[in-house]
Amino acid sequence: MPNHSIVTTVNSHKENMIHFLQSYGLEKTAALKLSLLFEGTTSMTETADIQEVKEVLKSLVGCTEVS
């Protein structure tokens, strides 16, 4: 259902997130990397220990190269 309102809202949110990160000077690739980390984190907090997910995310962000 690509035209369903929830799909439109989700797609818009994702595009806005990329643009937001780019507004802070990140190249599109770096913005996508961070978005992927955030998306995965959001998903994982539904099924894994939130403190563990938090620590792993912090570690990954620390390793993410932003050029």
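The values are calculated or read from the model by the stated rules, or taken from the named source; none is laboratory data. Note that the structure is predicted; figures quoted are calculated from it, not measured. Positions of Cβ are generated from backbone atoms using ideal geometry, with glycine treated the same way; all protein chains shown enter the neighbour counts. What goes into the accessible areas is simple: the full protein's heavy atoms, side chains included, and nothing from ligands, DNA or RNA. Shrake-Rupley method; radii C 1.70, N 1.55, O 1.52, S 1.80 Å.
Below are the figures for this structure:
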quantity	calculated
Residue check for Thr9: at pLDDT 90 or above, outside any helix (DSSP H, G or I), open to solvent by 80 Å² or more (accessible area, probe 1.4 Å) and not hydrophobic (A, V, I, L, M, F, W, C)	no
Some residue of the range 17-37 being in a loop (DSSP other than H, G, I, E, B) and modelled with pLDDT under 85	no
Selection count, the range 20-48, where residues are surrounded by 15 or more Cβ atoms within 10 Å (Cβ to Cβ) and among the small types (Gly, Ala, Ser)	3
Hey, Ala48 modelled with pLDDT of 90 or more, hydrophobic (A, V, I, L, M, F, W, C) and in a helix (DSSP H, G or I) or not	no
Close pairs from the range 31-49: first more than 16 Å from His13 (Cβ to Cβ), partner among the aliphatic types (A, V, I, L, M) and open to solvent by 90 Å² or more (accessible area, probe 1.4 Å), Cβ under 9 Å, at least 6 apart	Met44/Ile50
Any hit, the range 51-66, residues being aliphatic (A, V, I, L, M), touching a Lys or Arg at 6+ places or on another chain (Cβ under 9 Å) and open to solvent by less than 90 Å² (accessible area, probe 1.4 Å)	yes
